[in-house]
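First comes the structure, then the notes that go with it.
The values are calculated or read from the model by the stated rules, or taken from the named source; none is laboratory data. Bear in mind that the values here come from a model prediction, so they are computed numbers and not experimental data. As a convention, Cβ positions derive from the backbone with ideal geometry for all residues, glycine included, and neighbour counts pool all protein chains shown.
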Amino acid sequence: MSRILAIETSCDDTCAAVLDGPTVLSNVISSQAELHARFGGVVPEVASRRHLELINPVIETALGEAGSTLEEIDAIAVTVKPGLIGALLVGVNTAKSLAAATGKPLIPVDHLQGHVAAAFLEPDPLEPPFLALVASGGHTLLAEVEDHGSFRIAGQTLDDAAGEALDKAARLLGLGYPGGPAIQREAEGGDPDAFSLPIAMSHGEGLDFSFSGLKTALVYAVDKLDPAEVEARRADLAASFQSAVVGQLIAKVRKALDAGEWQALALGGGVAANALLRERAAALCEERGIRLKLVELRLCTDNAAMIGSAARYADAISYPGYLDLDAAPR
Ligand code: KG4
Ligand code: ZN
């Protein structure tokens with residue numbers, strides 16, 4: 001089972017990739033960000049309709065860039081959960097029809113397992129065991145990865161995801177969508193210590209995350225300023241908020257490293273594209289003398305190559321067993 005065509009449509013990116021073992025032959029991502037930007041976030045119905053238009057050309061491009069025909073593919077992998085149900089269904093139904101039409105096996109994949117499995121890809125694949133921080137628009141969790149096919153959740157967010165918090169803060173500051181990159185750009189000219197925003201949650205000493213208090217603190221800080229001051233201090237607000245989000249992520253990773261014998265840390269999910277997080281994680285791992293695995297940016301944010309990577313360690317279903325396979329939002 002060496003050549004896999006993978007499909008990912010769980011949120012607002014229409015993605016297809018071809019893998020040969022751990023080597024990515026193509027990784028096509030058609031972002032809908034511009035389409036959703038004018039609404040300030042992802043509109044599920046709009047996302048599903050756009051996936052329908054894009055999925056076939058994206059798959060054709062992925063096969064073309066990989067120099068592969070559909071006949072040369074050994075199995076088709078697809079994200080089946082979690083995500084927007086209408087969006088997931090476009091990928092699942094496309095994968096089913098392609099697999100059924102060609103008699104090939106289908107491999108259902110969990111999106112979060114995909115973010116973890118990005119670390120298994122060439123170049124420099126990371127082998128378990130390792131600790132992984134997965135932070136995206138929908139999830140924030142610390143995963144104890146003991147083998148390729150599964151992970152244990154050591155901590156997760158009790159309210160907003162880190163990316164979601166960044167997206168909401170960006171909207172509040174008038175910085176547009178998606179918020180993470182916009183906050184990072186704005187923060188470049190700002191002072192991260194200008195506003196004192198709470199890093200950690202006020203209660204609980206565990207490995208769980210919480211970002212809603214931080215968001216509220218930003219709302220209060222902005223409310224105290226008049227519009228001209230917000231304008232003038234936007235970079236400071238963005239830098240302070242980014243620093244608090246990254247500060248909490250790093251604080252929990254530090255705590256998790258203290259509690260175990262980890263020799264490596266991997267960062268995954270869209271927020272792992274954040275330059276400050278990468279820098280702080282690098283410093284922490286250097287201090288501990290452990291390996292840090294940073295995947296390239298295109299493998300951090302949603303993509304199908306990571307789904308293909310997870311599929312290599314998941315169970316394949318042969319035709320026609322997958323015909324009644326369903327997608328699940330959670
Ligand atoms: O993994 P992903 O592409 O989709 C989900 O599964 O959610 O993550 C998207 C999230 C968004 O919240 C976006 O604002 C955030 O990742 N993000 C960033 C950066 N690039 C994307 N956050 C901080 N800094 C970035 N450079
Ligand atoms: Zn994701």
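Could you tell me whether the range 155-163 includes any residue that is assigned to a helix (DSSP H, G or I) and within 16 Å of ligand 2 (Cβ to nearest atom)? Scanning the range 155-163, I find at least one residue that is assigned to a helix (DSSP H, G or I) and within 16 Å of ligand 2 (Cβ to nearest atom), so the answer is yes. Scanning the range 99-113 for residues that are more than 16 Å from ligand 1 (Cβ to nearest atom) and among the hydrophobic types (A, V, I, L, M, F, W, C) yields 99, 100, 101, 106, 107. The numbered conditions (1) under 30 Å from residue 321 (Cβ atoms); (2) out of contact with any strand residue (DSSP E or B) (no Cβ under 7 Å at 6 or more places or on another chain); (3) within 16 Å of ligand 1 (Cβ to nearest atom) are all true for residue 164 except (1). The test for being under 18 Å from the mean Cα position of the chain (by Cα), at negative phi and crowded, with 16+ Cβ neighbours inside 10 Å does not hold for residue 83. No other residue among 77, 117 is in contact with a Pro (Cβ under 9 Å, 6 or more places away or on another chain) and either within 16 Å of ligand 2 (Cβ to nearest atom) or at positive phi (or both) apart from 77. Among the residues making up the range 229-239, a single one is farther than 15 Å from residue 182 by Cβ and of a type in the set (Gly, Ala, Ser): 232.
Residues are listed down the side, and each one gets a yes or a no for (1) within 15 Å of ligand 1 (Cβ to nearest atom); (2) modelled with pLDDT of 80 or more; (3) of a type outside the set (A, V, I, L, M, F, W, C):
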| position | (1), (2), (3) |
| --- | --- |
| 2 | no, yes, yes |
| 10 | yes, yes, yes |
| 14 | yes, yes, yes |
| 17 | yes, yes, no |
| 24 | no, yes, no |
| 29 | yes, yes, no |
| 34 | yes, no, yes |
| 44 | yes, yes, yes |
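Starting from residues that are surrounded by fewer than 19 Cβ atoms within 10 Å (Cβ to Cβ) and of a type in the set (A, V, I, L, M), keep the ones in the range 258-275 and report whichever is farthest from the chain's Cα centre (by Cα). Per the stated criteria, the residue is 259.
Here residue 192 fulfils each of the conditions (1) assigned to a loop (DSSP other than H, G, I, E, B); (2) at pLDDT 95 or above; (3) away from ligand 1 (no atom under 16 Å from the Cβ); (4) buried (at least 16 other Cβ atoms within 10 Å of the Cβ) apart from (3).
The C-beta contact set for the range 220-235 (first residue touching a residue at least 40 places away in the same chain (Cβ under 8 Å) and of a type in the set (D, E, K, R), second residue part of a helix (DSSP H, G or I) and surrounded by 10 or more Cβ atoms within 10 Å (Cβ to Cβ), distance under 9 angstrom, 6+ apart or interchain) comprises 234/186. Residue 137 fulfils the conditions (1) touching a residue at least 12 places away in the same chain (Cβ under 8 Å); (2) more than 14 Å from ligand 2 (Cβ to nearest atom) except for a single criterion, (2). None of 323, 237, 297, 249 is buried (at least 19 other Cβ atoms within 10 Å of the Cβ) and either closer than 23 Å to residue 82 by Cα or within 17 Å of the chain's Cα centre (by Cα) (or both) except 249. Taken over the range 309-330, the criterion of being under 14 Å from residue 99 (Cβ atoms) and assigned to a helix (DSSP H, G or I) is satisfied by 311 alone.
Among the residues examined, residue 167 does not qualify as in a loop (DSSP other than H, G, I, E, B), away from ligand 2 (no atom under 12 Å from the Cβ) and either crowded, with 24+ Cβ neighbours inside 10 Å or in contact (Cβ under 8 Å) with a residue 24 or more places away in the chain (or both). Which count do you get for residues in the range 120-134 that are within 14 Å of ligand 2 (Cβ to nearest atom) and on the phi > 0 side of the Ramachandran plot? Residues in the range 120-134 being within 14 Å of ligand 2 (Cβ to nearest atom) and on the phi > 0 side of the Ramachandran plot: 0 in total.
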